[in-house]
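*Asks:* Pasting in a structure now, in structure tokens, and then I'll have a few things to ask.
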Amino acid sequence: MVFDMPDLNRASSVAAGLFNPITGKRIVKTWKADEMFSYLIDFYRSVEKEYHIQFFNTSPLYTPFKTIEEQNEWMGRSSDADYSRYIEALHTNSAFARQVKNPLGGLLLKQCGYIDTTVFSDALRDYLKRKDALLDEDLHEHELKTDKNAVIYRNWRARRIIFCTGEMAKQTSFFSWLPIRPLKGETLTIATNEPVEVIYNRGVYVVPHLWKVGATYTHDTSPSITEVGKVELTDKLNELIAFPYSVVNQQWGFRPT
């Protein structure tokens, strides 16, 4: 049984759903990339087939180089088997120049893409409802009981309970001792007539078809979008892309950190 109160501002609803084996400020291989990326494509394709939906999208991802030193570092890494499996091409001169600002070239990665998190989560909710395994409500901790071999909640009895509550975990007695802090993220949705087929990522990401741009990282706890967040994202976006666009939506959510 799953207890889940729908919330438009949960981080997973706002997120662009990117997957990328090379991440971070230093642009290095993400944790457990080899294990995850050898599995995730088959897994999500099987979910699409089982639920008769389409939410999983593969796409090259292009990160412009900021410095000659960064360019040289990646020329060296490109011969390293740990990294070469994820590199589609390494450009030392401007590529995709009509769409992105990259005078020093950049790194084009493969095994990247994005998940439409709204389509995916809606399909999971529909599946669980058909199985009578979903309630649109919060779990109330004071009604939860345990004995030696089971967890008991109202009329349900189970061997285990899994809490997946994001930054709200700090409000339960089980996890209140953890130093969890909400990290606010804001995203934009843009509109453009530019035929983009590559994810661009440097300072902000730009996801084609979803047209998501993000994200900010602040400890602002106001439950709303902000003009500061919009300005930050548009400034970074203007440093990255070369095609015209308009902002049509702005969203926010809290991540647990």
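The values are calculated or read from the model by the stated rules, or taken from the named source; none is laboratory data. Bear in mind the structure is a predicted one, so any value in this text is a computation, not a measurement. FYI the Cβ positions are ideal-geometry reconstructions off the backbone, even for glycines, and counts take in every protein chain you see.
*Asks:* In segment 173-189, how many are within 25 Å of Ser121 (Cα to Cα) and exposed (fewer than 14 other Cβ atoms within 10 Å of the Cβ)?
*Replies:* 1
*Asks:* Also: If you take the residues in segment 132-174 that are small (Gly, Ala, Ser) and in a loop (DSSP other than H, G, I, E, B), which one is farthest from Met5 (Cα to Cα)? Give the derivation first.
*Replies:* First, the residues of segment 132-174 that are small (Gly, Ala, Ser): 133, 150, 158, 166, 169, 173.
Checking which are in a loop (DSSP other than H, G, I, E, B) leaves us with 133, 150, 173.
Working: Ala133: 14, Ala150: 24, Ser173: 19 Å.
The residue in question is Ala150.
*Asks:* While we're on this one: Working carefully through the options Tyr217, Tyr200, find the one that is hydroxyl-bearing (Ser, Thr, Tyr) and modelled with pLDDT under 95.
*Replies:* Exactly one of Tyr217, Tyr200 is hydroxyl-bearing (Ser, Thr, Tyr) and modelled with pLDDT under 95, namely Tyr217.
*Asks:* Something else: Scan Ser13, Ser59, Ser46 and give me the residue that is among the hydroxyl-bearing types (Ser, Thr, Tyr) and at pLDDT below 90. Please lay out each step first, then the result.
*Replies:* Values: Ser59 fails: at pLDDT below 90; Ser46 fails: at pLDDT below 90.
Being among the hydroxyl-bearing types (Ser, Thr, Tyr) and at pLDDT below 90 holds for just one of Ser13, Ser59, Ser46, which is Ser13.
*Asks:* For segment 44-81, give me the residue count where each residue is small (Gly, Ala, Ser) and under 25 Å from Glu197 (Cα atoms).
*Replies:* Initially, segment 44-81 is screened for residues small (Gly, Ala, Ser), giving 46, 59, 76, 78-79, 81.
Applying the additional criterion that residues be under 25 Å from Glu197 (Cα atoms) yields 46, 59, 78.
Count: 3.
*Asks:* Sticking with this one: Only one of Val198, Val207 is on the phi < 0 side of the Ramachandran plot and buried (at least 22 other Cβ atoms within 10 Å of the Cβ); which?
*Replies:* On the way: Val198 fails: buried (at least 22 other Cβ atoms within 10 Å of the Cβ).
One residue alone meets the criteria, Val207.
*Asks:* Looking at (1) surrounded by 14 or more Cβ atoms within 10 Å (Cβ to Cβ); (2) more than 21 Å from Trp211 (Cβ to Cβ); (3) touching a residue at least 24 places away in the same chain (Cβ under 8 Å); (4) touching a Leu at 6+ places or on another chain (Cβ under 8 Å), find the lone condition where Asp116 falls short.
*Replies:* Just one mismatch for Asp116, condition (2).
*Asks:* Also, quick follow-up: Would you confirm, using the coordinates I've provided, whether Arg45 is in contact (Cβ under 8 Å) with a residue 40 or more places away in the chain and surrounded by fewer than 17 Cβ atoms within 10 Å (Cβ to Cβ)? Steps first, answer last, please.
*Replies:* Values: in contact (Cβ under 8 Å) with a residue 40 or more places away in the chain: no; surrounded by fewer than 17 Cβ atoms within 10 Å (Cβ to Cβ): yes.
No: the conditions fail for Arg45.
To keep it simple, each residue is scored yes or no on (1) within 24 Å of the chain's Cα centre (by Cα); (2) closer than 28 Å to Gly185 by Cα; (3) surrounded by 14 or more Cβ atoms within 10 Å (Cβ to Cβ).
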| position | (1), (2), (3) |
| --- | --- |
| Leu18 | yes, yes, yes |
| Gln54 | yes, yes, no |
| Phe65 | yes, yes, yes |
| Ser84 | yes, no, no |
| Gly105 | no, no, yes |
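*Asks:* Does segment 49-84 hold any residues that are without any contact (Cβ under 8 Å) to a residue 40 or more places away in the chain and within 26 Å of Asp116 (Cα to Cα), and which are they?
*Replies:* Those that are without any contact (Cβ under 8 Å) to a residue 40 or more places away in the chain and within 26 Å of Asp116 (Cα to Cα): Lys49, Glu50, His52.
*Asks:* Another question about this same structure. Need the failing condition index for Thr146 against (1) closer than 25 Å to Thr23 by Cβ; (2) at pLDDT below 95; (3) not aliphatic (A, V, I, L, M), just the number.
*Replies:* Here Thr146 meets the rest and fails (1).
*Asks:* Are any residues in segment 211-252 aromatic (Phe, Trp, Tyr) and either surrounded by fewer than 18 Cβ atoms within 10 Å (Cβ to Cβ) or in a loop (DSSP other than H, G, I, E, B) (or both), and if so, which ones? Full working, then the answer.
*Replies:* Our first condition is that a residue be aromatic (Phe, Trp, Tyr); within segment 211-252, this holds for 211, 217, 243, 245, 252.
Answer for segment 211-252, where residues must be aromatic (Phe, Trp, Tyr) and either surrounded by fewer than 18 Cβ atoms within 10 Å (Cβ to Cβ) or in a loop (DSSP other than H, G, I, E, B) (or both): Trp211, Tyr217, Phe243, Tyr245.
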